[in-house]
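If you scroll down you'll find the structure; I have some questions about it.
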Amino acid sequence: MESLRELGTEPPQRLDLRRIPFSGQWGLASSVCLQLGKNGAEEPVPEGLSKKEARELLKRRAQERSQRLAEQVATSLRSRGLFADVQAQNGYVNMYFDTADVASRLLRAVHHAGPDYGRGEPKNETLMVEYGQLNTHKPGHIGHLRNIALGQALCNILGHDGYSVLRATYIGDTGAAVFKWLWGYSKWHQGETPRADDGGWWEHIYVEANKAITENPEYEREYRELQLRWDQRDPEVMDLWTRTREVSLQYLHNLFATLGVEFDVWFYESQFGDSGKEIVRELLDKGIAEVDEGAPILRLDAKLGLDRETYRTVVLQRSNGTPLYQTKELALTRAKFDNYPIERSLNVVDVRQTLYFQQVFKTLELLGYEQARKSGHVPYETVVLTTGPMSSRQGNVVIYDEFSADMTERALATVREKNPEMPPAQQAQVARAVGFGAMKFGMLDRDNTKVLVFNREEALDFDGFSAPYVQYAHARACSILRKAPEIDWENLRVPSDLASVETDLLEAIGNFGDAVGRAAREYKPLYVVTYAYDLARAFADFYRDSPVLRADDEDLRNFRLALVYAMKTTLANALGLLGIVAPDVM
RNA sequence: GUUCCCGUAGCUCAGUGGAUAGAGCGUUUGGUUGCGGACCAAAAGGUCGGGGGUUCGAGUCCCUCCGGGAACGCCA
């Protein structure tokens, strides 16, 4: 600012400072001269130019003015000696720091923080994140996998960024599908022992029952009667439901366990029917809701005085008095607000339910729940097959158990090929890390807003932009560190003439906290995925060009070892946030 | 009809209003005196769906059109 005044130019109110696009040196850039450059560029334009040409000319003049101004500012700043260097480039003023100093601070910071490297400031806020909403009496499929991978990563990321996170799941144990399954089971599979380890078995019974019920009105009546008996707590039906539900829940626990997922709170759909009806009564009593065609409804847009269709109208309960999905959702969300010390509640659910969640949170706002304002739906697009959407009714789903078995089997074959001398137990362990890593990575490697077309061949491909690539970088770093002497942190000396592969790697390591913060702010684990890949790539470039163990100078070797250590630590942290194991060997 | 999302290299996708739009796969050509070749290098490949606008500056923001998907009162 002072430099600008010295030059007789009045600086703007706020000085814009940004990081210089990295090319070997760290520093800050200001575009202030670009903004000022437009002044005085409107000198007369020569006759005979087209409008476009005139515009281009003015643009060019502004550019030149900016650059001249930037050069003057740079000269002035240089003389003050605050920065290691100051340069004018493309109209920007670039102020550079001392490279070795920045590098040294960064490496020590990573060493000091270890697993906490990249943590955000404590936020003093508790969130509840709900994900992994599976149904009992049905298998998990790859659509659920995207949900679980996203939810798990999001919880880890929010936690690392400084929030206190409660992990919750909500299990559908009373939907129509459950009763169709129960009907089919008692009709044709009575003697069979329910299986906690076989999603396909549950799927088969459901698909068979659904088909029969659709085709035969008599069966339709039978299944509805079963549902009615459950509503009336008929002992025989309750017993069947309880027994099979128990095993099915065991299946779900197993499924979550293989993915390394643990929840602090389990909610069940069957808990919220009655409390849902209570909320509906309350909404009617307070005059917020009304009855229309026999069903309680809430005209949200009218209630909120909105002209444009936004929240529309929500039907709160069936006209026959039974609860709807959204009835229970209201009760569930209120239970979260009432029973847990949370400021925010997030639901990781696919994008098709956006409107319902907007309605639920708005309704609770009308009931005076302040937490509802900050709460919300974290939507993501669906997983579809190359043949179209999955439909568990028709049975064209890719069942989770079968897919994960494929993945680990394929991984095991690769491990055996690459490491024939490795003990079988370790081969299996590495294969699990790689198989599950690749599976999750494949679910996280695109934006939430994009439909994921599942392609088995691509999913099984471990090359390129994939978990194994990133995991491999980690294993290689571990391998170098295993063979190296202890790092002498006391006498860490960073050379002043760093190679570009070294500064690029340092830059990548230093970006971790930003990636975590951004991913937490925008609820997008993808940022951590691309970050982890970029870091691994920077490391690959580094160890190709910069020998570590064979570095000819002791200080240089010590520095490079510290660099490898910092990269390994950061990469392990990043993979950990994604729920992916970082193997020491592979 | 209303609202929301998507459209970037042959394919699948990144890209925080900022400096020369990047990866992976695929294609072509290469790489063992080498810390582990699940790797690396080079080449080819772009009207960022079209058109307006805002801005010193637009793939990014606004408007509009086109193409694809989704949600819209008693399914979950």
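The values are calculated or read from the model by the stated rules, or taken from the named source; none is laboratory data. Please read these numbers as outputs of a predicted model, since none were measured by experiment. As a convention, Cβ positions derive from the backbone with ideal geometry for all residues, glycine included, and neighbour counts pool all protein chains shown. Calculation scope for accessible area: heavy atoms of the full protein, side chains included, ligands and nucleic acids excluded. Shrake-Rupley method; radii C 1.70, N 1.55, O 1.52, S 1.80 Å.
I'd like to verify a number: residues in the stretch A:531-543 that are near RNA strand B (Cβ under 9 Å from one of its atoms) and small (G, A, S), how many?
Total satisfying the criteria: 2.
Kindly provide the set of residues from the stretch A:544-582 that are of a type in the set (V, I, T) and within 9 Å of RNA strand B (Cβ to nearest atom), ordered by number. Even if it seems obvious, please write down each step before you answer.
At the first step, the residues of the stretch A:544-582 found to be of a type in the set (V, I, T) are A:548, A:564, A:569-570, A:580-581.
Within the stretch A:544-582, A:V548, A:V564 meet the criteria.
Related question: Quick test of your reading of the structure: A:V384 fulfils all but one of (1) open to solvent by 20 Å² or more (accessible area, probe 1.4 Å); (2) free of Cβ contacts under 8 Å to residues at least 40 places away in the same chain. Name the failing condition by number.
That leaves (2) as the condition not met.
Restricting attention to the stretch A:390-407, which residues are touching a strand residue (DSSP E or B) at 6+ places or on another chain (Cβ under 9 Å) and not in a helix (DSSP H, G or I)? Before you say what the answer is, go through the steps one by one.
Let us first name the residues in the stretch A:390-407 that are touching a strand residue (DSSP E or B) at 6+ places or on another chain (Cβ under 9 Å), namely A:390, A:392, A:396-400, A:403.
Residues satisfying the conditions are A:M390, A:S392, A:N396, A:V397, A:V398, A:I399.
Within the stretch A:242-273, which residues are within 16 Å of RNA strand B (Cβ to nearest atom) and touching a Gly at 6+ places or on another chain (Cβ under 6 Å)?
Pass one, the stretch A:242-273, residues within 16 Å of RNA strand B (Cβ to nearest atom): A:245, A:248, A:252, A:267-273.
Matches in the stretch A:242-273: A:E269 only.
Please give the number of the condition A:D514 fails out of (1) under 30 Å from A:L150 (Cβ atoms); (2) in contact (Cβ under 8 Å) with a residue 12 or more places away in the chain.
Result: A:D514 passes all but (2).
Considering the stretch A:265-294 alone, what residues qualify as being open to solvent by 30 Å² or more (accessible area, probe 1.4 Å), farther than 20 Å from A:V178 by Cα and of a type outside the set (K, R)?
Of everything in the stretch A:265-294, those that are open to solvent by 30 Å² or more (accessible area, probe 1.4 Å), farther than 20 Å from A:V178 by Cα and of a type outside the set (K, R) turn out to be A:S275, A:E278, A:E282, A:L284, A:D285, A:G287, A:E290, A:V291, A:D292, A:E293, A:G294.
Matching residues to (1) assigned to a helix (DSSP H, G or I); (2) away from RNA strand B (no atom under 11 Å from the Cβ):
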position: A:E409; (1), (2): yes, yes
position: A:Q427; (1), (2): yes, no
position: A:D447; (1), (2): no, no
position: A:E458; (1), (2): yes, no
position: A:A508; (1), (2): yes, yes
position: A:R521; (1), (2): yes, no
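Which numbered condition in (1) at pLDDT below 95; (2) touching a His at 6+ places or on another chain (Cβ under 9 Å) is the only one that A:V349 fails?
Every listed condition holds for A:V349 apart from (1).
In addition: Considering (1) farther than 21 Å from A:V397 by Cβ; (2) open to solvent by less than 20 Å² (accessible area, probe 1.4 Å); (3) in contact with a Leu (Cβ under 7 Å, 6 or more places away or on another chain), say which one A:A467 fails and leave the rest.
A:A467 satisfies every listed condition except (3).
Let me ask you something else. Would you check which residues across the stretch A:339-358 are part of a helix (DSSP H, G or I), within 24 Å of the chain's Cα centre (by Cα) and either of a type in the set (S, T, N, Q) or buried (at least 21 other Cβ atoms within 10 Å of the Cβ) (or both) and list them? Before the answer, list the steps.
Our first condition is that a residue be part of a helix (DSSP H, G or I); within the stretch A:339-358, this holds for A:339, A:351-358.
Restricting the remaining residues to those that are within 24 Å of the chain's Cα centre (by Cα) gives A:351-358.
Across the stretch A:339-358, the qualifying residues are A:Q353, A:T354, A:Q358.
Just checking: which of the helices (runs of 4 or more DSSP H) contained wholly in the stretch A:178-264 hold 1 or more residues that are modelled with pLDDT of 95 or more, open to solvent by 80 Å² or more (accessible area, probe 1.4 Å) and farther than 21 Å from A:H141 by Cβ? Step through it out loud before you land on a result.
Working: elements: A:199-215, A:217-231, A:235-258.
Of the helices (runs of 4 or more DSSP H) lying wholly inside the stretch A:178-264, those with at least 1 residues that are modelled with pLDDT of 95 or more, open to solvent by 80 Å² or more (accessible area, probe 1.4 Å) and farther than 21 Å from A:H141 by Cβ span A:235-258.
I would also like to ask the following. In the stretch A:57-96, how many are in contact (Cβ under 8 Å) with a residue 60 or more places away in the chain, touching a helix residue (DSSP H, G or I) at 6+ places or on another chain (Cβ under 7 Å), within 11 Å of RNA strand B (Cβ to nearest atom) and open to solvent by less than 30 Å² (accessible area, probe 1.4 Å)?
3
Sticking with this structure for a sec: Only one of A:V434, A:V453 is within 22 Å of the chain's Cα centre (by Cα), within 9 Å of RNA strand B (Cβ to nearest atom) and assigned to a strand (DSSP E or B). Can you tell me which? Walk me through how you get there before you give the answer.
Values: A:V434 fails: assigned to a strand (DSSP E or B).
Result of the check over A:V434, A:V453: A:V453.
Moving to a separate point now. Look at the stretch A:126-158 and say how many of its residues are more than 17 Å from A:Q271 (Cβ to Cβ), of a type outside the set (S, T, Y) and open to solvent by 20 Å² or more (accessible area, probe 1.4 Å).
Number satisfying all stated conditions: 4.
Cβ-Cβ below 9 Å, separation at least six or inter-chain, first residue in the stretch A:107-118 and surrounded by fewer than 22 Cβ atoms within 10 Å (Cβ to Cβ), second charged (D, E, K, R) and not in a helix (DSSP H, G or I): which pairs?
A:A113/A:R119
Got at least one residue in the stretch A:333-349 being within 11 Å of RNA strand B (Cβ to nearest atom), without any contact (Cβ under 8 Å) to a residue 60 or more places away in the chain and at negative phi? First the steps, then the outcome.
Taking the stretch A:333-349 first, the residues within 11 Å of RNA strand B (Cβ to nearest atom) are A:349.
If we keep only those that are without any contact (Cβ under 8 Å) to a residue 60 or more places away in the chain as well, we get none.
Looking for residues that are within 11 Å of RNA strand B (Cβ to nearest atom), without any contact (Cβ under 8 Å) to a residue 60 or more places away in the chain and at negative phi, one finds none in the stretch A:333-349, hence no.
If I ask for residues that are more than 9 Å from RNA strand B (Cβ to nearest atom) and closer than 19 Å to A:L355 by Cβ, which ones from the stretch A:281-295 would you list?
Residues of the stretch A:281-295 that are more than 9 Å from RNA strand B (Cβ to nearest atom), as a first pass: A:281-291.
A:L283, A:I288, A:A289, listed by residue number.
Follow-up. Can you name the residue in the stretch A:301-338 that is charged (D, E, K, R) and in a helix (DSSP H, G or I) and, of all such residues, is surrounded by the fewest Cβ atoms within 10 Å (Cβ to Cβ)? Can you show your working first?
To start, the set of residues in the stretch A:301-338 that are charged (D, E, K, R) comprises A:301, A:303, A:307-309, A:312, A:318, A:328-329, A:334, A:336, A:338.
Imposing the further condition that a residue be in a helix (DSSP H, G or I) reduces the set to A:301, A:303, A:328-329, A:334, A:336, A:338.
On the way: A:D301: 15, A:K303: 16, A:K328: 25, A:E329: 24, A:R334: 23, A:K336: 23, A:D338: 10.
Among them, the one singled out is A:D338.
Being open to solvent by 20 Å² or more (accessible area, probe 1.4 Å) and free of Cβ contacts under 8 Å to residues at least 24 places away in the same chain is the filter here; which residues of the stretch A:430-462 pass it?
Here is the first cut: in the stretch A:430-462, the ones open to solvent by 20 Å² or more (accessible area, probe 1.4 Å) are A:432, A:436, A:442, A:445-447, A:449-451, A:453, A:455-459, A:461-462.
Result: A:E457, A:E458, A:D461.
All but one of (1) open to solvent by less than 20 Å² (accessible area, probe 1.4 Å); (2) in contact with a strand residue (DSSP E or B) (Cβ under 8 Å, 6 or more places away or on another chain) hold for A:L166, so report the exception by its number.
So A:L166 meets the others, but not (1).
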